[in-house]
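Below you'll find the structure, written out as structure tokens, and then a few comments.
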Amino acid sequence: MRRYLLILIISASTSALISAQSIQKDSLLKKIKSSTDIEFFEEMVDYIPLYGGYNKFEKKELTETIKTRTAELNFELTSSKFAYQQSIENTLEGNYTKALDIVAHLLPIFKKHRSIYEVHCYNTTGGMLADLGDIDEGLKNMTMAIDLVENFKSNTKEYNYCVINNHLVLGNIYYGSDQIEKAKLNFLKADSIASLDSTLIREKCYSLLNLTNIDLSEGNYLESFKKSSQVKQIATSTKYSEILAYSHLKISQGYLKLKKKDSALLHADFAKQISEKYGFYRTVASAHRLKSKIHKQFGDFANATYEYEKYFNAKRAFDSKNTNAMSNYYTDLANKDAQERNELRIQQVKQNEDARLSKITGIVLFIMSIGLIGLWFWFQRRKLREEVKKERMDSLLVNSQLTAIRSQMNPHFTFNCLNSIQSLVLKQDVNGAYDYISKFALLVRSVLNQSNTEWIDVEEEISTLKLYLELEELRFDNDFHYHIADNDLNGFEIPPLIIQPFVENAIKHGLLHKKGLKNLTITFKQDEEFLHCTIIDNGIGRAKSSEIQERQQLKHMSFSTQSTNTRFTLMQKRLGTDKLGVTIEDIKTEEGGTKVHLTIPCKILF
Amino acid sequence: MSNKIRAIIIDDEESARHILGSLLARISHDIEIITKCSNLEEGVISIKAFKPDLVFLDIEMPQYAGYEITSFFDKMNFEIIFVTAYDHYAVKAFEVAAVDYILKPISIDRLTESIEKYKRKAKNNVAALNYQTMMETLESNTISKLVVPTIKGQKVIFIKDIVSIEASRAYCTIHAYNGESYILSKNLKHFETLFAENSLFFRCHKSWIINTQHVDSYSKSELSISLINGQKAKLSKYKKAEFEFVVSH
């Protein structure tokens, strides 16, 4: 399942901004506490959430004050609109339980007043339910919202606003359930409607941010940058902090795709800081998750694990805060259901003596449905949690295995080299021994540098390989020749230390046993996705080699070949392609020998 | 008077002093080790007393790091070859300042190369410029200047004035804002690594690094970037999106 990042939609209606553009918070508070003018309070409904002059905390204070004041004055609808605003605040902070509670309480009030806010209620409920994992129930609420909004066509502005939000939430639900095309369609519709009216700037931002997700998944990084930067600018000037945080998150994702570690981390940090400051805990979790991903991609597994822990904790905090959200929602539904049944029953009792039976059936069904829903819900949560755990384990496992394999190769080199040095010392070849040690040190230095990274510049890899061959060359008596055709091989990266084990094999099993001239040729061919490397030796060939091994009772598979095979399998899994790998063939000419063909993944730089 | 190169070795480790001394004796007969010192203060006293031609100076020493030597002299009438065990930031400072250095464990080839380089070098006191650039780079912790070779000797340029660096085979040409150009026998990867932390520079192609501040225009269809000095740099299709992003911000 695609990871679910629902961009929460704020439903706050947008009519013309009132003239009181620059009212200070304190004087506005005073006015609120003294006014009895319903017109003024109604104006405030749009003004407070949209005005960029107040930060989030000031807006919260104003909303609470007006809600209380209008309730005192018995302006039920107006007060409910502010209560609704508070549910939005809770949604943004990740308190879905509370937000859903408020909305459930408000819904009948808006219905009574035939207010378009009823659409808002279904819309946010749908979004939250889907985010909590119940896609079906989310879609059900969205259907309500979509049907209902058609009753409000006469007020174009409010209507457009609701339609946009419906598209956004619907798009998110589709995006979360991997129906990218449907999601894109909805986001595009939202965007086109939002572009019609400059007061719908916030909705425009949300549309753009959602489209960024699509761009990123389609590889249009430039487009995603354009959009997220545009949103960032708007958010900065309007002080929409939640939008600002999201835009940083998106910019960071773009940078990650472009492999700019520092910039990606910087923007992820911005997103984290902003969301922490304003208490958008869901976004804090997302930022940690992204940071973990960034570190992982650049081979910094320690930090990746650290960030993942943080993400996991944040996610857990969110989950635990909202454990009751779904069950409350269902209890609510069930209560309503029961209420309706009750009414029906009373009628039936009046008409029919058999009502008793239906009552019992009703209760049994009610209890059973509660039980079933509860059970299903519990399974769903457990599944989700296991999925998260499994995914985390998977990625850690793969990473640690790759790291382990890379570091295990070092001792293998080391012992061979130390042997050679000992022999040079015994031969009293001072220059030779010294030279060998310095080359060996260089090799260790580059292997150490490489063992931490997942990808390495091909030129660096080849120079390490050459160094290795120079060391091997010293072990033979001038009858070993190697040739590496590495002309024009640059501008891309490959996984480190992947060719060397096969070269080592060619020497150990093929050339070492051969009498006379020993030749080793390594050639390369590169295409868009892969580097094809061919290693040809004129050694004794596989059949003879295994004969010798058998005779010497060295049946075990060489360590580095085994680990490299494992590595190829892991890489296949990770990159999702089965084209990678090794093929070995015997050369059937008179001279004989072995030909190894490697298909290695490559990342083109320029 | 002999024509031998008179050298001093400064290193806090006895074995390191021994190795370097023995190697020098093996590879060259025209180097005379006057003395070996185990810390910088001792080294400074010896330099003032013996006036050597060449000093092999370890960087990682207790109390004073090797490169702090510049603060002990108004005028340095000797050349330094730095010796270091780590490939750390100081190495970048040596690179930009064109100050010679050797990594430990010392390879015979590398040491021979350094000695040859020393012998070839004209002794016209341009060394001061190198050490000054090196210290500025180390102290400010940012790379802002680069020592480049010219026909007359050497010159310090500001890296912000570099318009582009173009690779051709084993060397690179640096094109500066004032129209001058300098040829260095380094590859582009060298500069890419050196300027990695500087956001001005962008590797747009296999054989081009450009300064994004000096971009004039850009042709999407031709995949080429016109620079303010009239040059046209190529743009790799793999770098197109990144380039568009970099210049738009």
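Brief remarks on what is shown
- B:Glu116 vs. criteria among the acidic types (Asp, Glu), buried (at least 20 other Cβ atoms within 10 Å of the Cβ) and not assigned by TED's automatic domain parsing to the domain that holds B:His190: no
- A:Pro108 meets the conditions (1) surrounded by fewer than 18 Cβ atoms within 10 Å (Cβ to Cβ); (2) more than 29 Å from the chain's Cα centre (by Cα); (3) farther than 20 Å from A:Tyr96 by Cα in every case but one. The failed one is (3).
- Screening A:Asp477, A:Asp429, A:Asp435, A:Asp488 for residues that are within 28 Å of B:Ser22 (Cα to Cα) and at pLDDT below 85 leaves exactly one candidate, A:Asp477.
- Of note, A:Leu467 does not satisfy the criterion of being of a type in the set (A, V, I, L, M), assigned by TED's automatic domain parsing to the domain that holds A:Leu448 and at pLDDT below 85.
- Residue, farthest from B:Ile102 (Cα to Cα), within the range B:1-38, restricted to residues that are among the polar types (S, T, N, Q) and more than 14 Å from chain A (Cβ to nearest Cβ): B:Ser2
- The range B:167-225, subset surrounded by 17 or more Cβ atoms within 10 Å (Cβ to Cβ), in contact (Cβ under 8 Å) with a residue 24 or more places away in the chain and β-branched (Val, Ile, Thr), residue farthest from the other protein chains (Cβ to nearest Cβ): B:Ile174
- Tally, over the range B:196-249, of residues that are of a type in the set (Val, Ile, Thr) and under 26 Å from the mean Cα position of the chain (by Cα): 3
- Among residues of the range B:94-106 that are assigned by TED's automatic domain parsing to the domain that holds B:Leu24 and among the small types (Gly, Ala, Ser), those with a Cβ under 7 angstrom from a residue that is modelled with pLDDT under 95 and open to solvent by 20 Å² or more (accessible area, probe 1.4 Å), sequence gap 6+ or separate chain, pair up as B:Ala98/B:Gln154.
- Which listed residue, of A:Lys293, A:Lys321, A:Lys277, A:Lys272, is out of contact with any helix residue (DSSP H, G or I) (no Cβ under 6 Å at 6 or more places or on another chain), charged (D, E, K, R) and crowded, with 19+ Cβ neighbours inside 10 Å: A:Lys293
- Residue within the range A:53-70 that is in contact (Cβ under 8 Å) with a residue 24 or more places away in the chain and small (Gly, Ala, Ser) present: yes
- Only residues that are assigned to a strand (DSSP E or B) and either outside the structural domain of A:Ala485 (by TED's automatic domain parsing) or touching a Cys at 6+ places or on another chain (Cβ under 8 Å) (or both) were counted across the range A:526-551, and they come to 3.
- Test: residue in the range B:150-171 that is assigned to a loop (DSSP other than H, G, I, E, B), of a type in the set (Ser, Thr, Tyr), at pLDDT below 90 and not assigned by TED's automatic domain parsing to the domain that holds B:Arg17: yes
- Yes/no for B:Tyr131 being among the aromatic types (Phe, Trp, Tyr), open to solvent by 20 Å² or more (accessible area, probe 1.4 Å) and either away from every other protein chain (no Cβ under 14 Å) or closer than 27 Å to A:Tyr436 by Cα (or both): no
- Filter pass, A:Phe440 being touching a strand residue (DSSP E or B) at 6+ places or on another chain (Cβ under 6 Å), closer than 27 Å to A:Asp300 by Cα, in the same structural domain as A:Leu517 (by TED's automatic domain parsing) and open to solvent by less than 40 Å² (accessible area, probe 1.4 Å): no
- Those residues of the range A:231-260 which are touching a residue at least 12 places away in the same chain (Cβ under 8 Å) and within 11 Å of another protein chain (Cβ to nearest Cβ), in sequence order: A:Lys232, A:Ile251, A:Gly254, A:Tyr255, A:Lys257, A:Leu258, A:Lys259
- Odd one out for B:Asn77, checked against (1) closer than 21 Å to A:Ala441 by Cβ; (2) open to solvent by 20 Å² or more (accessible area, probe 1.4 Å): (1)
- Residue within the range A:436-459 that is of a type in the set (Ser, Thr, Tyr), closer than 25 Å to B:Ser168 by Cβ and within 13 Å of another protein chain (Cβ to nearest Cβ) present: no
- Test: A:Asp527 is exposed (fewer than 15 other Cβ atoms within 10 Å of the Cβ) and in contact with a helix residue (DSSP H, G or I) (Cβ under 7 Å, 6 or more places away or on another chain): no
- Scanning the range A:444-455 for residues that are among the aliphatic types (A, V, I, L, M) and crowded, with 20+ Cβ neighbours inside 10 Å yields a total of 1.
- In the set (1) surrounded by 23 or more Cβ atoms within 10 Å (Cβ to Cβ); (2) not in a helix (DSSP H, G or I), the condition left unmet by A:Lys227 is number (2).
- Out of A:Asp37, A:Asp136, sole residue that is in the same structural domain as A:Asn172 (by TED's automatic domain parsing), farther than 30 Å from A:Asp178 by Cβ and open to solvent by 10 Å² or more (accessible area, probe 1.4 Å): A:Asp37
- For the range A:512-534, a residue qualifies if it is among the hydrophobic types (A, V, I, L, M, F, W, C) and either over 34 Å from the mean Cα position of the chain (by Cα) or closer than 19 Å to A:Lys466 by Cα (or both), and the qualifying residues are A:Leu512, A:Leu517, A:Leu520, A:Ile522, A:Phe524, A:Leu531, A:Cys533.
- Helices (runs of 4 or more DSSP H) (entirely within the range A:240-351) containing at least 2 residues that are more than 15 Å from the chain's Cα centre (by Cα) and at pLDDT 80 or above: A:241-257, A:261-278, A:301-321
- Residues of the range A:465-488 classified as touching a strand residue (DSSP E or B) at 6+ places or on another chain (Cβ under 6 Å) and in contact (Cβ under 8 Å) with a residue 40 or more places away in the chain, total: 3
- Residue selected from the range B:134-152 under the condition surrounded by 11 or more Cβ atoms within 10 Å (Cβ to Cβ) and among the charged types (D, E, K, R), by the criterion farthest from B:Ile174 (Cα to Cα): B:Glu136
- Whenever a residue of the range A:276-296 is acidic (Asp, Glu), its partners that are modelled with pLDDT of 85 or more and open to solvent by less than 20 Å² (accessible area, probe 1.4 Å), lying with C-beta atoms within less than 7 angstrom and at least six residues away or across chains, give the pairs A:Glu276/A:Val284.
- Taken as a whole, the range B:94-103 holds at least one residue that is open to solvent by less than 10 Å² (accessible area, probe 1.4 Å), within 14 Å of chain A (Cβ to nearest Cβ) and either in a loop (DSSP other than H, G, I, E, B) or touching a strand residue (DSSP E or B) at 6+ places or on another chain (Cβ under 9 Å) (or both).
The values are calculated or read from the model by the stated rules, or taken from the named source; none is laboratory data. Keep in mind that this is a model prediction, so the values were computed, not measured. Virtual Cβ from ideal backbone geometry, glycine too; neighbours counted across all protein chains shown. Please note that ligands, DNA and RNA were not included when accessible areas were found on the heavy atoms of the full protein model with its side chains. Shrake-Rupley method; radii C 1.70, N 1.55, O 1.52, S 1.80 Å.
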